[in-house]
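Down below is the structure, laid out as structure tokens.
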Amino acid sequence: FTLLAVLAGLLQPWPLKILVDSVLGDVPLPRYLQRLLGPLADGRFGMLLFAVAAAVSVRLVDNLLKVINTHTQTKLEQNMILDFRSDMFQHAQRLSLAYHDQRRTGQLMYAINNQGNAAAGLLMTLLPLIQSSLMLVGMFWVTFRIDRQLALISLIVVPLLYYCVGYYTTHIEPQIKQVMGMEGETLSIVYEAMAMMRVIVAFGRESYEFERFRDQGEEAVGERIKLTVRQTVFSLTVNMIIATGTALVMGIGAYRALQDRLTVGQLLVILSYIGAVYQPLESISGTIGFLQQRFVALRIAFNLLDTEPEIVDRPSAVKIGRCQGRITFEGVHFRYSERSKTLRDISFEA
């Protein structure tokens, strides 16, 4: 579906070229279209009908592909999110009580609920990135076939975008991680207060808990605003670079059309492609920025999944099956990871 969507996108400006060059102008149709249309290719009215029908058909195919693609991606993404959250939930239940004593339950809930979609989101983000990359290659190739000079000029923005993306990924990621940690802390305060509501009310601690939640929330909001502003500045910078490149291609292309090196239809196709070429570049830049949040969220999720249970069965352990209701402890020692000599030489029979 991604490949078909790329092909449909590449075909969209060509009916406009036929309309301008062949219907309104005097440029003959390509030979393969003349053979395809037959007698219709000899009259302007027939070419006009073909151009209009082709434009509607290409747009219809493109929209149908988007609907099918959206359905498929949504189905895949939601099932992946469910599976990943199930793995995290199941793994959290295998961890020892000592682990849960040392971790705040709200942080665990934040990881399962909010970061459980990180893996699926990462893979689903890669699909538009692949489509944009394929669209970029295809449009550059077609533009290069029409006018090499304009195609090469259009690439001037690429080094600037590369620098902007590199700067963004280097300086923004630590701030994303900090903001997510603070938001998880806010959720922890809410969960702990709800779980201990009877105790809070009994000791009159409502105001204290509310102030604790409010202070933490305001701090998290402040950091989120700073992060959003930096992300917006990055997007505006990318947009200005792309606007400058578009204006440059537009000016040089119009000058070459005035010198009769390009037809008006070819110029319109190139401008359509340049706008569409820069759109994938903008999409790639925005996607790379969005991927940083996915990577941070994925690390939070894998920190949970990578935690090894403290108590595991030996490889040679056997299932006891149906037991008789008696257990014996003989010389048992036990300690927590940060506490020594919790139990020493305990023996009893139950």
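The values are calculated or read from the model by the stated rules, or taken from the named source; none is laboratory data. None of the values given here were measured: they were computed from a predicted structure. When we count neighbours, we look across all protein chains shown, and the Cβ atoms used for this are built from the backbone with ideal geometry, even at glycine. We work out accessible area using only protein heavy atoms, side chains counted, and drop any ligands, DNA or RNA first. Shrake-Rupley method; radii C 1.70, N 1.55, O 1.52, S 1.80 Å.
A simple packing score, the average count of other Cβ atoms within 10 Å per residue, orders the peptides 254-267, 108-121 as 108-121, 254-267, with the highest score first.
Scaled against the 2.2 N^0.38 Å expected of a compact globular protein of N residues, the Cα radius of gyration of region 143-203 reads 2.43. Ile153 sits with roughly 30 Å² accessible to a 1.4 Å probe, with DNA, RNA and ligands left out of the calculation. According to the Cα-based calculation, Rg over Rh for region 80-168 is 1.31, with Rh computed by the Kirkwood formula. The longest stretch of the chain left intact once loop-based GluC sites (Glu not before Pro) with at most 16 other Cβ atoms within 10 Å are removed from consideration, loops following DSSP, is 1-309. Could you state, as a whole-number percent, how many of the C-alpha pairs of region 209-258 are farther apart than 12 Å? Result: 73 percent of Cα pairs exceed 12 Å.
Inter-label distance, Thr170 to Arg339: 4.8 nm, where each label sits 7 Å from its Cα along the C-beta direction.
The separation of region 50-114 from region 212-251, counted between C-alpha centres, amounts to 25 Å.
With the alpha-carbon atoms of region 25-173 aligned to their principal axes, the span from lowest to highest coordinate is 84, 35, 18 Å, starting with the largest.
Relative contact order for the chain: 25 percent, from Cα pairs under 8 Å spaced at least 6 residues apart, divided by residue count.
Past 32 Å, Cα to Cα, is the threshold; run Lys75/Lys177; Lys17/Lys66; Lys17/Lys75 against it and keep the listed order. Violating the 32 Å limit, Cα to Cα: Lys17/Lys75. Solvent exposure of region 105-181, expressed per residue, is 49 Å² of accessible area, with all protein chains present and a 1.4 angstrom probe. Remark: region 255-267, residue by residue, has Karplus-estimated 3J(HN,Hα) of 5, 5, 5, 5, 8, 6, 8, 9, 7, 4, x, 5, 5 Hz, where x stands for each Gly or Pro and the curve is 6.51 cos²θ - 1.76 cosθ + 1.60 at θ = phi - 60°.
For the chain, a Gaussian network of Cα nodes joined below 10 Å ranks Pro174, Pro315, Pro128 by mean-square fluctuation, and the top entry is Pro315.
Solvent-accessible area of the chain (1.4 angstrom probe, protein heavy atoms only): carbon and sulfur portion equals 62 percent. When the square roots of the Cα gyration tensor eigenvalues are ordered a ≥ b ≥ c, the ratio a/c for region 155-268 is 1.5 or more and a/b exceeds b/c, which makes its shape prolate.
Projecting the alpha carbon convex hull of region 2-76 along each direction and taking the average yields 5.2 nm². Take the convex hull of the alpha carbons in region 105-211; its mean projected area over all directions comes to 9.8 nm². In order along region 209-221, phi translates into HN-Hα couplings of 5, 5, 5, 5, 5, 5, 4, 5, x, 5, 5, 5, 4 Hz, rounded to whole numbers, per the Karplus curve 6.51 cos²θ - 1.76 cosθ + 1.60 with θ = phi - 60° and x for Gly and Pro.
With a Förster radius of 51 Å applied to the C-beta separation of Val199 and Thr70, the computed FRET efficiency comes to 0.60. Taking a ≥ b ≥ c as the square roots of the Cα gyration tensor eigenvalues, region 67-118 comes out prolate, since a/c reaches at least 1.5 and a/b is larger than b/c.
Converting the Cα gyration tensor eigenvalues of the chain into ellipsoid dimensions via √(5λ) gives semi-axes, longest first, of 62, 25, 18 Å.
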